[in-house]
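Novice: Quick one: this structure, given as structure tokens, is what I'll be asking you about.
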Amino acid sequence: LLKQNHICHLLLSLFLFFSLPGWSHDSQAKYLNVIKVNNNFAAYDANSWERQHPVYQTADMQIFMICIWNITKPKISLYKFNSTFDPSNPDYIFGGSQWVAYRESFNILNVDLASNTSASFTAAFKKIFDKITADFPALHYGIKYAGHGFASGGMFENKISDEDTQLLLAYINGLIKGKIDFLDWNTNCNAGSFAIVSNEYKYSKYILGSD
């Protein structure tokens, strides 16, 4: 499934979750939103990307935020914001140390990046998905990247190479004993390329991409 125009990724992704064959309301779907943050986008103590979704948790769905922190000591953090999470609280709206302490109370895993290589990112994301699938098993999983486009077959602006993308997706398929329900690249430029589809179609039921 390819979309040629930018659309509301959250609504479309949720539509896919609830319309997939075999959907069961007995299992909370897991929506994994990956985002890369550096000082050009938002400082570590800023209240910014955390307000991306108006709702992070319902009876049927949990949105996990997977943050690639491009800071002095790069790391990938996994956040499980629940229904009580309120980044619009006046005490936190302008960021700062109190906000960081509040946000990090929802952090369930940090993985330090040994280097800025595809192998390091692949190993880190394996640990992230180990945590999610072991502690929060589900019938349905979807992955979204909120960042720039990547016309080749790699993931997350080619932080993970074409070859390692296949290794990581195959690893996830093994963890969940089946294909990922969808890979959502529909807000990333040039993500509707044949290179992406041909590299990833074996591992996901749906791929969303835009030119």
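The values are calculated or read from the model by the stated rules, or taken from the named source; none is laboratory data. Computed from a predicted model, the values in this text were never measured in an experiment. Glycine also receives a Cβ, built like all others from the backbone with ideal geometry; neighbour counts cover every protein chain displayed. Calculation scope for accessible area: heavy atoms of the full protein, side chains included, ligands and nucleic acids excluded. Shrake-Rupley method; radii C 1.70, N 1.55, O 1.52, S 1.80 Å.
Novice: Across region 154-198, what is the total count of residues that are open to solvent by 20 Å² or more (accessible area, probe 1.4 Å), part of a helix (DSSP H, G or I) and touching a helix residue (DSSP H, G or I) at 6+ places or on another chain (Cβ under 7 Å)?
Specialist: 9
Novice: Right, next: Of the residues that sit in region 36-54 and are under 15 Å from the mean Cα position of the chain (by Cα) and part of a loop (DSSP other than H, G, I, E, B), which one is farthest from THR72 (Cα to Cα)?
Specialist: Checked region 36-54; the qualifying residue farthest from THR72 (Cα to Cα) is HIS53.
Novice: What are the residues in region 87-136 that are more than 26 Å from ASN173 (Cβ to Cβ) and β-branched (Val, Ile, Thr), if any?
Specialist: Within region 87-136, ILE93, VAL100 meet the criteria.
Novice: Among ILE143, ILE108, ILE132, which is open to solvent by 30 Å² or more (accessible area, probe 1.4 Å) and either in contact with a strand residue (DSSP E or B) (Cβ under 6 Å, 6 or more places away or on another chain) or in contact (Cβ under 8 Å) with a residue 60 or more places away in the chain (or both)?
Specialist: ILE108
Novice: Here is a list: LYS144, LYS131. Which entry is in a strand (DSSP E or B), charged (D, E, K, R) and either modelled with pLDDT under 95 or more than 16 Å from ILE35 (Cα to Cα) (or both)?
Specialist: LYS144
Novice: Report whether or not ALA101 is outside any strand (DSSP E or B), open to solvent by 50 Å² or more (accessible area, probe 1.4 Å), free of Cβ contacts under 8 Å to residues at least 24 places away in the same chain and of a type in the set (Gly, Ala, Ser).
Specialist: yes
Novice: Within region 111-122, how many residues turn out to be open to solvent by less than 50 Å² (accessible area, probe 1.4 Å) and closer than 16 Å to GLY154 by Cβ?
Specialist: Counting residues in region 111-122 that are open to solvent by less than 50 Å² (accessible area, probe 1.4 Å) and closer than 16 Å to GLY154 by Cβ gives 4.
Novice: Which of the residues that make up region 77-98 are open to solvent by 80 Å² or more (accessible area, probe 1.4 Å) and either part of a strand (DSSP E or B) or touching a residue at least 12 places away in the same chain (Cβ under 8 Å) (or both)?
Specialist: If the condition is that a residue be open to solvent by 80 Å² or more (accessible area, probe 1.4 Å) and either part of a strand (DSSP E or B) or touching a residue at least 12 places away in the same chain (Cβ under 8 Å) (or both), then SER83, PHE94, SER97 are the ones that fit.
Novice: A further question on this structure: Any residue that is of a type outside the set (S, T, N, Q), modelled with pLDDT of 80 or more and part of a loop (DSSP other than H, G, I, E, B) - is there at least one of those in region 16-33?
Specialist: The answer is no, given that none of the residues of region 16-33 is of a type outside the set (S, T, N, Q), modelled with pLDDT of 80 or more and part of a loop (DSSP other than H, G, I, E, B).
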